[in-house]
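Every number in this text was worked out from the coordinates using simple rules, so none of it is lab data. Keep in mind that this is a model prediction, so the values were computed, not measured. Heads up, the Cβs are rebuilt from the backbone with ideal geometry, glycines too, and the neighbour counts pull from every protein chain shown.
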Amino acid sequence: MNNIVLIGFMGCGKTSIGAGLAQRLGFNFCDTDQVIEKDYKRTISNIFAVEGEEYFRKLETATITDFIGKLADTVLSVGGGLPIQSGNAGLLRQLGHVVYLKTSRETIKYRLSGDTARPLLSGGDTDEKIDTLFKLRAPVYEGAAHITVTTDGRMPEDIIDEIIMRIGVKP
């Protein structure tokens with residue numbers, strides 16, 4: 001298992017930490033949302049708006065299923081809802097070391113304030129939506145991960161150092 005899979009709530013830093021971690025290790029970096037947008041030639045927001053969340057979740061599962069046995073030396077950042085779907089946690093564990101980037105609700109709310117690009121937060125009370133999703137997702141992330149790394153109040157370099165040290169991968 002030479003891949004590292006980053007999971008966590010939207011806004012936890014999966015993409016920025018993932019890109020930095022990949023660079024430090026000399027690995028490839030891959031983001032499932034970017035892969036889906038490229039493969040389907042549409043934005044995630046458009047897919048949600050036209051086909052709905054259930055259809056999008058099927059695309060996510062198909063994407064990670066396709067990666068099994070094909071990814072090597074890759075840091076993979078996955079959408080916040082991907083681990084929630086039945087069976088996906090096991091698929092992620094097949095892909096590599098699963099790291100949960102644990103971030104507090106308060107930090108998430110701060111980082112996502114004014115964010116209009118995330119389909120699950122559009123319309124209505126954003127704080128309430130974050131609270132509801134957070135309660136549902138946090139225990140699933142904990143159960144899916146090999147390790148949990150807390151990100152609140154930490155510099156990206158320190159988070160990357162901890163991941164490298166705890167997984168035991170050599171840069």
> How many percent of DSSP beta bridges within the stretch 4-167 run antiparallel, rounded to 5?
Replying inline: 0 percent
>> Using a Cα-Cα cut-off of under 12 Å, which aspartates and glutamates could be cross-linked to K41, ignoring same-chain neighbours fewer than 8 residues away?
In response: D33
> Spin-label point model (7 Å from Cα, Cβ direction): what's the K135 to A62 distance in nm?
Replying inline: 3.4 nm
> Out of A72, A138, A49, any idea which swings most in a Gaussian network model of the chain, alpha carbons joined below 10 Å?
Replying inline: A49
> Can you give me the Cα centroid spacing of the stretch 123-171 and the stretch 46-114 in angstrom?
Replying inline: 12 Å
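Calculate the FRET efficiency for D73 and D152 from the Cβ-Cβ distance with a Förster distance of 30 Å, rounded to the nearest 0.05.
Numbers: r = 29 Å, r/R0 = 0.97.
E between D73 and D152, to the nearest 0.05, is 0.55.
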>> Give the aspartates and glutamates whose C-alpha is closer than 14 Å to that of K109, dropping any in the same chain fewer than 8 places away, or say none.
In response: D125, D127, E128, D131, D152
>> Cut-off under 21 Å on the C-alpha distance; same-chain residues fewer than 8 positions from K38 excluded. Which lysines are left, in chain and number order?
In response: K14, K58, K70
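Once the mean 1/r over all distinct Cα pairs of the stretch 4-167 is inverted, what Kirkwood radius in angstroms do you read off?
Working: mean 1/r = 0.0623 Å⁻¹.
Result for the stretch 4-167, one decimal place: 16.0 Å.
Counting Lys +1, Arg +1, Asp -1, Glu -1, what net charge surrounds R154 among other residues with beta carbon under 13 Å of its beta carbon? Please report the intermediate quantities before stating the final value.
On the way: positive: K102; negative: D152, E157, D158, D161, E162.
Around R154, the surrounding residues sum to -4.
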> Picking from I160, I68, I17, which is most flexible by a Gaussian network model of the chain using Cα springs under 10 Å?
Replying inline: I68
